[in-house]
Amino acid sequence: CSGRTAPSCQSSRWETCHVVDSTPRRLSEHEFERAVEDALALIPAPLLAQLRNVAIFVEPEPPAGEDPSLLGLYEGFPLTDGDEPWFGALPDRILIFQGPLERLCETREELLDEIAVTVVHEVAHHFGIDDDRLHKLGWG
């Protein structure tokens, strides 16, 4: 499992990165799901075609026992692990967590940007790109 948590404030990618206690702009469940779809549309079609047997879910919060600041999570077998899993295997899962993303961001624009970064980050794990490499590429 690989996941993305709220960025640290030492990151140069985020000028004002801090978790706020109250979120002035929340999205409805439908708006949030639409933002995830829009983020997927940023990924080139040839790469999207490789997302076979991958299900993407929006959840309100990370599962119990996980870091409450977890923004997204990839559960599955990256393509770089070799052969595809055996016939009948459950799909890989990408989970995007609405609550932590909304608490991280102060404006709608920041929220949409963080949703896009989180979706790309988790999709990249499906292609075998680890957190260290994603941080170096600016998608941490």
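Observations on the model:
- Relative packing of peptides 116-127, 29-40 - highest average C-beta neighbours within 10 Å first: 116-127, 29-40
- Between Glu59 and Phe127, the modelled labels are 2.5 nm apart [label points 7 Å from Cα along Cα→Cβ].
- Across all Cα pairs in region 37-109, the calculated P(r) in 10 Å bins from zero up to the longest distance comes to 16, 41, 32, 9, 1 percent per bin.
- Counting heavy atoms of the protein chains alone, Ser28 has an accessible area of about 50 Å² for a 1.4 Å probe.
The values are calculated or read from the model by the stated rules, or taken from the named source; none is laboratory data. Bear in mind the structure is a predicted one, so any value in this text is a computation, not a measurement. Positions of Cβ are generated from backbone atoms using ideal geometry, with glycine treated the same way; all protein chains shown enter the neighbour counts. Areas reflect the complete protein model, heavy atoms only, side chains present, ligands, DNA and RNA absent. Shrake-Rupley method; radii C 1.70, N 1.55, O 1.52, S 1.80 Å.
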